[in-house]
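Below is one structure, written out as structure tokens; comments come after it.
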Amino acid sequence: MAVSDAAVVYLLVGLTGSGKTTYARRVLEPQGAVHLSVDEVVYERHGRYGVDYPENTYFEKETPVIAELHRRLAELVAEGRDVVWDHGLWPRKDREEMKELVQAAGGRWRLLYFPVERDELLRRLAERNARGDANALLVTPEALDDFFARFEVPQGEGEEIVEPGWF
């Protein structure tokens, strides 16, 4: 398979509430991409973050899901299927590891970055916090500040910007 014919894996990068899942559902899935969401699988298996299990146990629940979805991503790429990897990819090292995984599976990656200002994220999260689905993690302003502190903005990584007003 030529590189241009290789399956595309869309690596979605952004903070909680930046529009990654909405973009995946409204834009990429209708084009045939398979949506892999770590948060949705954790929710299916364990319930709601901070409600059905303590927040401090999220990473132990998330780790096996990531490994499972990495395997599924490689299978889908081998089948020639485009994939959406919907998981914030906050640290640069996580993005680099995902790029390597995609390339090792025979695919090509596109890094889509969703930059959104803090005030807009707070507005979106206030709306979202009222819901009870997998993507409605309760995020306080203090938690969002912690997220910003831990997030490494993609720069010089081949990122494509998805502007906040796309939808």
FRET efficiency estimate (nearest 0.05) - Cβ-Cβ, GLU29 to ALA78, R0 22 angstrom = 0.65
0 to 90° range, to nearest 10: angle between helix 92-104 axis and the chain longest Cα axis = 30 degrees
For LEU111, enumerate residues with amide H under 5 Å from its amide H, sequence gap 5+ or separate chain, H modeled in the peptide plane.
-> LEU11, GLU160
Using a 10 Å cut-off on Cβ atoms, rank the peptides 6-17, 104-115 from the highest mean neighbour count down.
-> 6-17, 104-115
Across the range 8-13, in residue order, what do the Karplus-derived ³J(HN,Hα) couplings come to in whole Hz, using 6.51 cos²θ - 1.76 cosθ + 1.60 with θ = phi - 60° and x for Gly and Pro?
-> 9, 10, 8, 9, 8, 10
In terms of the Cα gyration tensor, with a ≥ b ≥ c the square roots of its eigenvalues, is the range 60-102 rounded because a/c is under 1.5, prolate because a/b exceeds b/c, or oblate?
-> oblate
Note the full-extension length gain between THR22 and GLU157 as 0.36 nm times their separation in residues minus their Cα-Cα distance, in nm to one decimal.
-> 46.3 nm
Using Cα pairs closer than 8 Å and at least 6 residues apart in sequence, work out the relative contact order for the range 1-74, in percent.
-> 22 percent
Accessible area of the range 20-95 belonging to carbon and sulfur atoms, whole % at 1.4 Å probe | 47 percent
Accessible area per residue of the chain at 1.4 Å probe, in Å²?
-> 52 Å²
For the chain, what value does the Rg/Rh ratio take when both radii are computed over Cα atoms and Rh is the Kirkwood radius, given to two decimals?
-> 0.95
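The values are calculated or read from the model by the stated rules, or taken from the named source; none is laboratory data. Quantities reported herein were computed from a predicted structural model and do not represent experimental measurements. Heads up, the Cβs are rebuilt from the backbone with ideal geometry, glycines too, and the neighbour counts pull from every protein chain shown. Ligands, DNA and RNA are excluded from the accessible area calculation, which covers all protein heavy atoms including side chains. Shrake-Rupley method; radii C 1.70, N 1.55, O 1.52, S 1.80 Å.
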